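The values are calculated or read from the model by the stated rules, or taken from the named source; none is laboratory data. This is a predicted model, so every value here is computed, not measured. With ideal geometry, Cβ positions are generated from the backbone for all residues, glycine too; neighbour counts draw on all protein chains shown.
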């Protein structure tokens with residue numbers, strides 16, 4: 001018996017951009033349309049060639065039973081389209097998908113929920129949509145409610161739920177379907193840290209039980225902790241497919257080479273904006289000789305002087321996790337921002353980090369008791385530590401897995 005859970009061969013999905021999308025017509029309606037506009041078909045064919053878009057193009061891969069596979073890529077790469085095809089929500093334009101086993105999917109928050117129905121009623125409704133029998137839902141009802149932690153609001157219409165409550169209940173129903181294949185799209189984008197840990201724990205338990213998990217996320221830490229394999233999509237095609245470490249590194253390296261949005265245009269920032277980062281630059285974009293130079297330009301919107309501003313520079317690893325934090329008041333270096341703003345140059349010395357890709361997250365706040373946050377931009381800039389002789393011994397170490405290898409012998413006394 002084959003151990004293949006999902007087989008995808010030369011998959012393609014085409015969409016038409018712009019214009020009215022034609023629905024399914026009856027034979028009579030088609031005849032009327034043809035008689036009314038005999039040239040519409042020819043005209044439509046010409047327009048279709050100019051306005052078609054391939055969300056997926058010649059995608060082929062296999063997923064074996066019991067594997068947890070991550071799918072990553074930038075926005076618009078085709079990840080959600082692929083999951084919709086795997087979940088049989090939409091049909092491919094070409095190619096084929098063979099799925100061996102029952103599929104449970106959570107693609108969007110509250111898909112299949114009716115806002116006017118209570119949480120209790122939506123459990124039965126959503127469970128039925130996902131393919132659960134009434135007996136299965138009754139048997140697992142208490143587990144679903146306990147996992148979602150919405151027992152106090154069980155008889156309240158879900159239109160009054162917060163987004164976090166919505167996704168907890170939706171994930172709880174999908175996860176307790178006991179499918180052979182669980183498909184999850186960005187469920188960790190909503191919810192608190194405790195819920196995210198529960199989701200990862202549940203998906204990990206599903207994988208350990210010999211079932212298959214397909215997981216889409218921009219959280220590289222979650223991908224690496226849950227999955228054994230990974231697929232990188234780029235512009236609708238597979239750019240990399242293999243072990244998790246190699247594919248994640250390929251994704252991060254490709255992102256590094258692409259043009260990023262300037263800090264001044266970033267909309268995913270936090271703070272009042274009275275002071276904000278207009279520009280941030282890292283000299284050469286690399287660290288050499290364990291020294292990092294960061295140049296910041298701060299814009300002053302309110303045109304008043306700030307004598308004591310708290311400036312924090314957080315170094316992030318390639319997964320966005322904080323490694324260290326430099327705060328000016330700790331080293332007794334006051335920051336002054338005049339009415340016309342300020343330009344600040346920071347040099348960090350003796351940085352002992354292994355070769356790889358890192359990010360910088362600047363944070364700006366007041367020194368008052370309420371601690372007003374002026375601006376905070378996560379991953380505002382990135383830098384790379386290349387392979388070099390950071391021990392100054394004439395040898396370059398190399399890293400494999402969690403081990404640092406040196407190309408010379410040494411003794412420890």
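Run down 73, 131, 110 and say which single residue is modelled with pLDDT under 85 and crowded, with 17+ Cβ neighbours inside 10 Å. First the steps, then the outcome.
On the way: 73 fails: modelled with pLDDT under 85; 131 fails: crowded, with 17+ Cβ neighbours inside 10 Å.
After ruling out the rest, the residue left standing is 110.
For segment 261-285, the candidate set comprises residues that are outside any helix (DSSP H, G or I) and out of contact with any strand residue (DSSP E or B) (no Cβ under 8 Å at 6 or more places or on another chain); within that set, the residue that is modelled with the highest pLDDT is 266. The condition (being touching a strand residue (DSSP E or B) at 6+ places or on another chain (Cβ under 9 Å) and at pLDDT 85 or above) is satisfied by just one residue among 232, 252: 232. Somewhere in segment 39-54, is a residue outside any helix (DSSP H, G or I), within 32 Å of the chain's Cα centre (by Cα) and at pLDDT 90 or above? Yes, segment 39-54 contains a residue that is outside any helix (DSSP H, G or I), within 32 Å of the chain's Cα centre (by Cα) and at pLDDT 90 or above.
The test for being in a helix (DSSP H, G or I) and surrounded by fewer than 16 Cβ atoms within 10 Å (Cβ to Cβ) holds for residue 138. A count restricted to segment 120-130 and to residues that are more than 28 Å from the chain's Cα centre (by Cα) and either outside any helix (DSSP H, G or I) or touching a residue at least 24 places away in the same chain (Cβ under 8 Å) (or both) stands at 1.
Select from segment 141-153 the residues that are more than 12 Å from residue 176 (Cα to Cα) and surrounded by fewer than 16 Cβ atoms within 10 Å (Cβ to Cβ) and list them in ascending order.
151, 152
Residue count for segment 352-378 satisfying the condition of being closer than 22 Å to residue 342 by Cα and buried (at least 18 other Cβ atoms within 10 Å of the Cβ): 10. Among the residues making up segment 88-104, those that are in contact with a helix residue (DSSP H, G or I) (Cβ under 9 Å, 6 or more places away or on another chain) and either closer than 17 Å to residue 148 by Cβ or surrounded by fewer than 16 Cβ atoms within 10 Å (Cβ to Cβ) (or both) are 89, 90, 91, 104.
Looking at segment 56-68, is at least one residue at pLDDT 85 or above, in a strand (DSSP E or B), in contact with a helix residue (DSSP H, G or I) (Cβ under 9 Å, 6 or more places away or on another chain) and more than 19 Å from residue 228 (Cβ to Cβ)? Looking for residues that are at pLDDT 85 or above, in a strand (DSSP E or B), in contact with a helix residue (DSSP H, G or I) (Cβ under 9 Å, 6 or more places away or on another chain) and more than 19 Å from residue 228 (Cβ to Cβ), one finds at least one in segment 56-68, hence yes. Restricted to strands (runs of 3 or more DSSP E) entirely inside segment 192-250, those with at least 2 residues that are more than 26 Å from residue 178 (Cβ to Cβ) are 229-234, 237-243. You will find that of 90, 81, the residue that is touching a strand residue (DSSP E or B) at 6+ places or on another chain (Cβ under 8 Å), in contact (Cβ under 8 Å) with a residue 60 or more places away in the chain and not in a helix (DSSP H, G or I) is 90 and no other.
Only residues that are in a loop (DSSP other than H, G, I, E, B) and either surrounded by 12 or more Cβ atoms within 10 Å (Cβ to Cβ) or at pLDDT below 85 (or both) were counted across segment 319-343, and they come to 10. Being in a helix (DSSP H, G or I), on the phi < 0 side of the Ramachandran plot and assigned by TED's automatic domain parsing to the domain that holds residue 228 is not true of residue 98.
Across segment 96-106, a minimum of one residue is classified as out of contact with any strand residue (DSSP E or B) (no Cβ under 6 Å at 6 or more places or on another chain) and more than 25 Å from residue 165 (Cα to Cα).
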